[in-house]
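*Asks:* Take this structure, written in structure tokens, and hold onto it; I'll ask about it next.
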Amino acid sequence: MPKYLLIMRGTDESNAAMMADIDAMMATTHQFIEDAVKAGVLLAAEGLEDPGQGVVVDFSGDTPVVTDGPYGETRELFGGFFMVDVATKTEAVEWAKRVPVARGAKIEVRRVPGSDEVPAG
């Protein structure tokens with residue numbers, strides 16, 4: 001079956017709303033994970049540290065340049081993901097609709113190509 005990545009993308013506002021009631025958010029997230037495990041579709045799930053703790057390696061010049069913090073524009077930040085193993089994109093979208101996120105956040109659904117689909121070099 002195909003794999004799909006459900007990418008959690010939040011804004012400063014949606015992230016602040018999530019943190020305002022973190023206990024409830026964690027409880028609903030644990031329930032979502034439990035439901036996905038019971039359904040046999042969850043392959044992986046990870047959240048990410050605050051973007052201010054990361055670095056960006058920029059390859060736009062001759063040599064890579066490392067800068068602190070998130071991207072230059074922080075309207076939407078990648079906050080974590082769920083990887084599900086489902087038959088169709090429609091099913092992946094149905095799981096994405098169930099991901100507990102704060103108002104203003106988004107879930108991007110992307111299929112992960114199998115190794116047999118990657119062009120040979």
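*Asks:* Kindly provide the set of residues from the stretch 45-54 that are part of a helix (DSSP H, G or I) and surrounded by 12 or more Cβ atoms within 10 Å (Cβ to Cβ), ordered by number.
*Replies:* Of the residues in the stretch 45-54, the ones part of a helix (DSSP H, G or I) are 51-53.
Once the filter is applied, which keeps residues that are part of a helix (DSSP H, G or I) and surrounded by 12 or more Cβ atoms within 10 Å (Cβ to Cβ), the stretch 45-54 yields only Pro51.
*Asks:* Taking the condition within 28 Å of Lys89 (Cα to Cα) and either under 18 Å from the mean Cα position of the chain (by Cα) or hydroxyl-bearing (Ser, Thr, Tyr) (or both), does Met1 pass?
*Replies:* no
*Asks:* Check the stretch 35-44 and report whether any residue there is touching a helix residue (DSSP H, G or I) at 6+ places or on another chain (Cβ under 6 Å), on the phi > 0 side of the Ramachandran plot and either surrounded by 11 or more Cβ atoms within 10 Å (Cβ to Cβ) or in contact (Cβ under 8 Å) with a residue 60 or more places away in the chain (or both).
*Replies:* Taking the stretch 35-44 and keeping what is touching a helix residue (DSSP H, G or I) at 6+ places or on another chain (Cβ under 6 Å), we get 42.
Then drop every residue that is not on the phi > 0 side of the Ramachandran plot, which leaves none.
No, that holds for no residue.
*Asks:* Give the number of residues within the stretch 105-121 that are over 10 Å from the mean Cα position of the chain (by Cα) and surrounded by 16 or more Cβ atoms within 10 Å (Cβ to Cβ).
*Replies:* Of the residues in the stretch 105-121, 1 are over 10 Å from the mean Cα position of the chain (by Cα) and surrounded by 16 or more Cβ atoms within 10 Å (Cβ to Cβ).
*Asks:* Let me ask something else. Any residue at all in the stretch 77-91 that's of a type in the set (Lys, Arg), touching a strand residue (DSSP E or B) at 6+ places or on another chain (Cβ under 9 Å) and at pLDDT 90 or above? Reasoning before the result, please.
*Replies:* Step one: list which residues in the stretch 77-91 are of a type in the set (Lys, Arg), which gives 89.
Narrowing the set further to residues that are touching a strand residue (DSSP E or B) at 6+ places or on another chain (Cβ under 9 Å) leaves 89.
Right, trim to at pLDDT 90 or above and you get 89.
Yes - at least one qualifying residue is present in the stretch 77-91.
*Asks:* When residues of the stretch 84-104 are filtered for being surrounded by 14 or more Cβ atoms within 10 Å (Cβ to Cβ) and farther than 20 Å from Leu42 by Cβ, how many remain?
*Replies:* 2
Matching residues to (1) in contact with a Pro (Cβ under 7 Å, 6 or more places away or on another chain); (2) at pLDDT below 95:
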position: Met19; (1), (2): no, yes
position: Thr28; (1), (2): yes, yes
position: Glu34; (1), (2): no, no
position: Pro51; (1), (2): yes, yes
position: Pro70; (1), (2): yes, yes
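*Asks:* When you go through (1) in contact with a strand residue (DSSP E or B) (Cβ under 7 Å, 6 or more places away or on another chain); (2) farther than 17 Å from Thr28 by Cα; (3) surrounded by 13 or more Cβ atoms within 10 Å (Cβ to Cβ) one by one for Asp68, which number turns out not to apply?
*Replies:* Only one criterion in (1) in contact with a strand residue (DSSP E or B) (Cβ under 7 Å, 6 or more places away or on another chain); (2) farther than 17 Å from Thr28 by Cα; (3) surrounded by 13 or more Cβ atoms within 10 Å (Cβ to Cβ) is unmet by Asp68, namely (3).
*Asks:* For the structure I just gave you, tell me whether Ser14 is of a type in the set (Ser, Thr, Tyr) and without any contact (Cβ under 8 Å) to a residue 40 or more places away in the chain.
*Replies:* Details: of a type in the set (Ser, Thr, Tyr): yes; without any contact (Cβ under 8 Å) to a residue 40 or more places away in the chain: no.
No: the conditions fail for Ser14.
The values are calculated or read from the model by the stated rules, or taken from the named source; none is laboratory data. Fair warning: this is a prediction, and the values are worked out from it, not measured in the lab. Because the Cβ atoms are built from the backbone with ideal geometry, glycine has one as well, and the counts that use them run over all protein chains shown.
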